[in-house]
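Working notes for the structure below.
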Amino acid sequence: MSTPGRAAQRRKTSHVLAIAPFRRLWTAMGVCSLGDWLNIIALTALAGNLTQGSGFQAQSLAIGGVFVAKMLPAILLGPLAGTVADRFDRRLTMVVADIVRFGVVLSIPLVGNYQWVLIAAFLVECVNLFWVPAKDATVPNLVPKERLEEANQFNLLVTYGTAPVAAALFAVGSALTSMVTAAFPASGVKPTDLALGINAVAYLVSAVLIFTLRSIPKDHTRQASTLSVLGQIVDGWRFVGGNRVVKGLIIGMLGAFAAGGAVVGVGKAYVSALHGGDAGYGAVFCAVFLGMGLGMFFGLRLLGGLSRRRMFGLSIILAGLTLAAIAVIHDLVIVVMLTVLLGACAGIAWIIGYTMIGLEVEDALRGRTFSFLQSLARVVLLLVVAVASGLAAVFGSHLLAVGGISYQFDGSNVVLLLAALLAVVVGLLAFRHMDDRRGIPIGVDLMAALRGEKFVPEAEEQPRGFFVAFEGGEGSGKTTQSRLLAIWLRDQGFDVVQTREPGSTKVGMRLRAILLDATHQGLSARSETLLYAADRAEHVEKVIRPALKRGSTVVTDRYVDSSLAYQGAGRALEPEEVAQINSWATGGLLPDLTVLIDVPPSVGLRRMASPADRIEAEPLEFHERVRREFRTLAAAAPERYLVVDGTLQQAEVSRLIQDRVREVLPDPVPHEAEAATGTIPAIRD
Ligand code: TYD
């Protein structure tokens, strides 16, 4: 029997960037991120340059001031901005924000004093607060649900991937402008001017891209407009607190941020203590981004089948454990390697968090949730960075000597350990809040995910009954055997629904007539596949699922494998595509056991008494291909198949089937009425 809630993994086909509106928004996002990074680098450099000669401490403070100016708006305006994203036209919000940012950034080199650098940094960040939630809330409108995770991967790729590009651009730009100043000292061009120029233009390009993006819906504004601005903020907060999953997500993401803040706060000191210097710090910095990238792209692929909700908490717990190891292992090379793992865990948690908020939060509240999270994250980050460095300084440096071994232990170690503890606790909390597979050990899930089984969320409802399918070629005797099994099962006290494909529903009967009519020779392979899938969809929804839900045992004569064999192999269609269509048609419902009655086609076709239908009339090679495919499918998952030699005596075939069914069948589930009276169910045939 397969692990509950799991189905075989299927490959995705098209690409999220093939969705034109999303591609456009994504491009705008990339251009803006490049601008944002250039902005940070250029403004900190400019602050340093403008305060040159005022001493190391004053210069450090000036650079720190830029960071404070960048953080403040989130603290002051964060929730308001999210409300704007939900209340006003998101497209216009973004376009206006872009134009304002363009103007402000352009003014920096023109004004050219430190106070204005601070004011401009503050203003740009205020505007970003409106732009970002509007963008985040728009993405789920442009891509279908199942593509959201992929879309977020691409978003984060440009958000962080543009950082090194900006750094390189800045280096080249400042080298070029220095050359110009050296050649023409009177020109007055500063090294940061070019970077700020590119930064400003980036925002303008984004404005144009988004302005021409007409497909951003406006409906959400109508719904929200009855509430006042304040009302909406309170409402958004209440929502976050009231939804268990979102609460788990927010706790997890904020905890991860706090732990990250602690690392930022003491990172430089810790690396220096390890004698790493600037290059070592650079390596650790790169390791974080490298790890995040790896986590976002490969971590999710590797564990693609694990429940996202479980993976979220787990990745934060693992991040905590890794951080603890980083805190106590005093070796720069190992620390750098562990930092890659740490980054990977953070990347996985971040992308799942983002995606799940996109899925869980309704459209009208999404902007507020994102900005609520963002502003809180910044507050937490700012506080933790400040507290962490203070705490590390207070603790100071100690040399522990146990036996002959001495161990250096200082404030940065303590802070990192505290951060690790925080991450583990928060990860556990998030896991408990969000667990959607209660009672199933996490180890079982992890192994299944590594084997490539896909997790199907609980919402798709777990059938309770047992599901057996009979498969085989023409004249294999499976129809007889499926009837015999049904009778035997009823004798055992099971409530059995015996059914077949095609043609077990009203619509299915009409489809069957089309499908098997020998005069329909012109039917194309694809329409044949779709008609069988349509019959199956109807069959699953109207007959099989309701029966399983009642606790009945379902025995069907033919199911998905028939399509894989007849249409996939027989008609030589792409098997993966036939599988996909059927997985969609059935909502991923697979039999607990498939009995394949295997006979050579020459034998089976000779057994047929009535005139051949459209499929039976196919040449022998067709039936040979069908048989091979059935056998291949069975060989690939022996735990879910029983292959019986159909040339054996009928009674012998029945016995083999009963033996296997007896092994895998759960105890009989009595009907409610019978359970009440305690009678043994009568045989109904
Ligand atoms: P049917 O008369 O039910 O005969 P059998 O006893 O062989 O099941 O005919 C079903 C025919 O439809 C059979 O030739 C196989 C074919 N078929 C497909 O090609 N694809 C499918 O998905 C299914 C369910 C059946």
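Under the condition of being charged (D, E, K, R) and either within 12 Å of the ligand (Cβ to nearest atom) or not assigned by TED's automatic domain parsing to the domain that holds ALA513 (or both), which residue from the stretch 526-537 is nearest to ILE581 (Cα to Cα)? Per the criteria, the residue is ARG536. Filtered by the rule that a residue be surrounded by fewer than 22 Cβ atoms within 10 Å (Cβ to Cβ) and modelled with pLDDT of 75 or more, the stretch 54-66 gives a lone residue, GLY65. Could you identify the single residue in ALA7, ALA18 that is modelled with pLDDT of 70 or more and within 29 Å of the chain's Cα centre (by Cα)? The unique qualifying residue is ALA18. Looking at SER562, is it more than 17 Å from VAL661 (Cβ to Cβ), out of contact with any Ser or Thr (no Cβ under 7 Å at 6 or more places or on another chain) and within 13 Å of the ligand (Cβ to nearest atom)? Answer is yes for this residue. Going through (1) at pLDDT below 75; (2) within 15 Å of ASN128 (Cα to Cα); (3) open to solvent by less than 60 Å² (accessible area, probe 1.4 Å) one by one, ALA97 falls short only on (1). When the residues of the stretch 391-426 are filtered to those that are small (Gly, Ala, Ser) and in contact with a Leu (Cβ under 7 Å, 6 or more places away or on another chain), the one that is surrounded by the fewest Cβ atoms within 10 Å (Cβ to Cβ) is SER406. Across the stretch 566-585, the number of residues qualifying as touching a Pro at 6+ places or on another chain (Cβ under 8 Å) and either more than 14 Å from the ligand (Cβ to nearest atom) or open to solvent by less than 10 Å² (accessible area, probe 1.4 Å) (or both) comes to 1.
Within the stretch 620-632, is there a residue that is acidic (Asp, Glu) and more than 12 Å from the ligand (Cβ to nearest atom)? Within the stretch 620-632, one or more residues are acidic (Asp, Glu) and more than 12 Å from the ligand (Cβ to nearest atom).
Residues checked against (1) touching a residue at least 40 places away in the same chain (Cβ under 8 Å); (2) open to solvent by less than 10 Å² (accessible area, probe 1.4 Å):
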residue: LEU303; (1), (2): yes, no
residue: LEU306; (1), (2): yes, yes
residue: PHE312; (1), (2): yes, yes
residue: ILE317; (1), (2): yes, no
residue: ILE329; (1), (2): no, no
residue: LEU342; (1), (2): yes, no
residue: ALA346; (1), (2): yes, no
residue: TRP350; (1), (2): yes, no
residue: GLY353; (1), (2): yes, yes
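For beta carbons closer than 6 Å, sequence separation of 6+ or different chains, a first residue in the stretch 546-575 that is under 15 Å from GLY588 (Cα atoms) and in the same structural domain as GLU618 (by TED's automatic domain parsing) and a second that is near the ligand (Cβ under 10 Å from one of its atoms) and assigned to a helix (DSSP H, G or I), the qualifying pairs are VAL560/ASN582; SER563/TYR532; SER563/VAL578; SER563/ASN582; LEU564/VAL578.
Tell me which of these ALA637 doesn't satisfy, since it passes every other one: (1) at pLDDT 85 or above; (2) open to solvent by 30 Å² or more (accessible area, probe 1.4 Å). All conditions are met except number (2).
The listed residues are LEU142, LEU129, LEU157, LEU123, and the only one of them that is within 30 Å of GLN52 (Cβ to Cβ) and either open to solvent by 10 Å² or more (accessible area, probe 1.4 Å) or in contact with a helix residue (DSSP H, G or I) (Cβ under 6 Å, 6 or more places away or on another chain) (or both) turns out to be LEU123.
Within the stretch 171-214, can you find the residues that are open to solvent by less than 60 Å² (accessible area, probe 1.4 Å), outside any helix (DSSP H, G or I) and out of contact with any Lys or Arg (no Cβ under 7 Å at 6 or more places or on another chain)? Correct list: GLY188, VAL189.
Looking only at residues of the stretch 586-617 that are within 11 Å of the ligand (Cβ to nearest atom) and assigned to a helix (DSSP H, G or I), we find that the one that is least open to solvent (accessible area, probe 1.4 Å) is GLY604. Counting only residues that are open to solvent by less than 30 Å² (accessible area, probe 1.4 Å), among the acidic types (Asp, Glu) and under 22 Å from ASP495 (Cβ atoms), the stretch 526-565 holds 1 of them.
Within the stretch 475-496, does at least one residue satisfy the condition of being surrounded by fewer than 23 Cβ atoms within 10 Å (Cβ to Cβ), in a loop (DSSP other than H, G, I, E, B) and near the ligand (Cβ under 10 Å from one of its atoms)? The answer is yes, given that some residue of the stretch 475-496 is surrounded by fewer than 23 Cβ atoms within 10 Å (Cβ to Cβ), in a loop (DSSP other than H, G, I, E, B) and near the ligand (Cβ under 10 Å from one of its atoms). Scanning the stretch 453-508 for residues that are aromatic (Phe, Trp, Tyr) and within 21 Å of TRP584 (Cβ to Cβ), we see that the one that is modelled with the highest pLDDT is PHE467. In the stretch 500-525, of all residues being more than 12 Å from the ligand (Cβ to nearest atom) and not in a helix (DSSP H, G or I), the one that is surrounded by the most Cβ atoms within 10 Å (Cβ to Cβ) corresponds to THR505.
The values are calculated or read from the model by the stated rules, or taken from the named source; none is laboratory data. Just so you know, these numbers come straight off a predicted model, no measurement behind them. All Cβ positions, glycine included, derive from the backbone under ideal geometry; neighbour counts span all protein chains shown. We work out accessible area using only protein heavy atoms, side chains counted, and drop any ligands, DNA or RNA first. Shrake-Rupley method; radii C 1.70, N 1.55, O 1.52, S 1.80 Å.
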